[in-house]
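The values are calculated or read from the model by the stated rules, or taken from the named source; none is laboratory data. Computed from a predicted structure; not experimentally measured. As a convention, Cβ positions derive from the backbone with ideal geometry for all residues, glycine included, and neighbour counts pool all protein chains shown.
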Amino acid sequence: MSPKELNRVDVIRDISERRLRQKDAAELLKLSRRHIQRLVNQYRGQGPAGLVSLRRGKPSNRRYTPEFKQRVIDIVRQFYIDFGPTFANEKLREKHQLKLSTETLRQWMMAEGFWISKRQAKPKVYQPRYRRECLGELVQIDGSHHDWFEGRAEKCCLTVYIDDATGRLMTLRFSDVESTFDYMNITRQYIEEHGKPIAFYSDKHSVFRLNRGEVKTGKQMTEFGRALFELNIDLICANSSQAKGRVERANKTLQDRLIKEMRLAGIDSIEEANTWLPEFIADFNQRFARTPYSLHDAHR
């Protein structure tokens, strides 16, 4: 018996033994008095077994016929085998006038091997890269292009400098594009506020690395790379987004939290945002930054 039916047994027993009125039982079980009387009659005739649903173990009256199921599977196999269940269901309705729920189609596609659920998909395994020991030892940098002002201003780029050891936001700045000039200015701001870090960790954007085939193997540097060389700051270019996961995850958090904070603050332009960002950085770091393994500050 199901928990629901077990609960009914106690209530119907009380009615049969005149410890509870049918009116009160109907309110308790949220059933009509006629249905309560029907349950009482079944209980008196068959005992607790009389309250078990007679439909248990039988197929639903609303189930799809095997012919309908096979027709859907054949169409999906022929036309939509690489479609997701939601998209495939849309096409079945639009192109073939076949109506069924997306979840039912998902189960059928999974049974046929057309679709693998996210729970069943084998996750990619990445070797974890442990945090650096102290503040300023490695700073991850990246530009995030997004509609930061939710249509109140043009789409722009937020440049993020985040410390690897602590997860602290070191510098944030909005700009129209992600250019060498902007990275030069933001790096100067960083050094003025915190000092020179040991290394920056970036992607392979053309600001950081020459990507033309004929110069990849040489020792040429970009303007930004040459400036860091003169400052004795190492520049490391990651081979994948997962390698610089700290700043990638920070971008996702900022695209949620920072946008809402600017909306509440009534900020509608890059200039206003850049003036206000230090306040946001302080609050963010107070909430999310962690203590480094070493209290030594590697900035110079």
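Quick rundown of the values:
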| quantity | calculated |
| --- | --- |
| Residue within segment 137-150 that is in a helix (DSSP H, G or I), touching a Lys or Arg at 6+ places or on another chain (Cβ under 9 Å) and farther than 25 Å from Ile267 by Cα present | no |
| Filter pass, Pro85 being out of contact with any Ser or Thr (no Cβ under 8 Å at 6 or more places or on another chain) and under 30 Å from Trp115 (Cα atoms) | no |
| Helices (runs of 4 or more DSSP H) within segment 1-108 that include 1 or more residues touching a residue at least 12 places away in the same chain (Cβ under 8 Å) and aromatic (Phe, Trp, Tyr) | 33-46, 66-79 |
| Segment 260-300 - residue that is in contact with a helix residue (DSSP H, G or I) (Cβ under 8 Å, 6 or more places away or on another chain) and of a type in the set (Gly, Ala, Ser) and, of those, farthest from Asp163 (Cα to Cα) | Ala265 |
| Checking Lys23 against (1) over 30 Å from Phe114 (Cα atoms); (2) basic (Lys, Arg); (3) at pLDDT below 85, the condition it does not meet | (3) |
| Some residue of segment 226-235 being under 32 Å from the mean Cα position of the chain (by Cα), closer than 19 Å to Ile141 by Cβ and free of Cβ contacts under 8 Å to residues at least 40 places away in the same chain | yes |
| Selection from segment 197-248 of residues that are assigned to a helix (DSSP H, G or I), modelled with pLDDT of 85 or more and among the hydrophobic types (A, V, I, L, M, F, W, C) | Phe224, Ala227, Leu228, Phe229, Val247 |
| Top-ranked residue in segment 249-295 [being in a helix (DSSP H, G or I) and touching an Asp or Glu at 6+ places or on another chain (Cβ under 7 Å); ranked as nearest to Ser144 (Cα to Cα)] | Asn251 |
| Selection within segment 254-276 - within 25 Å of the chain's Cα centre (by Cα) and surrounded by 12 or more Cβ atoms within 10 Å (Cβ to Cβ) | Leu254, Gln255, Arg257, Leu258, Ile259, Glu261, Met262, Arg263 |
| Matching residues, segment 47-104, being aliphatic (A, V, I, L, M), under 34 Å from the mean Cα position of the chain (by Cα) and surrounded by fewer than 15 Cβ atoms within 10 Å (Cβ to Cβ) | Ile81 |
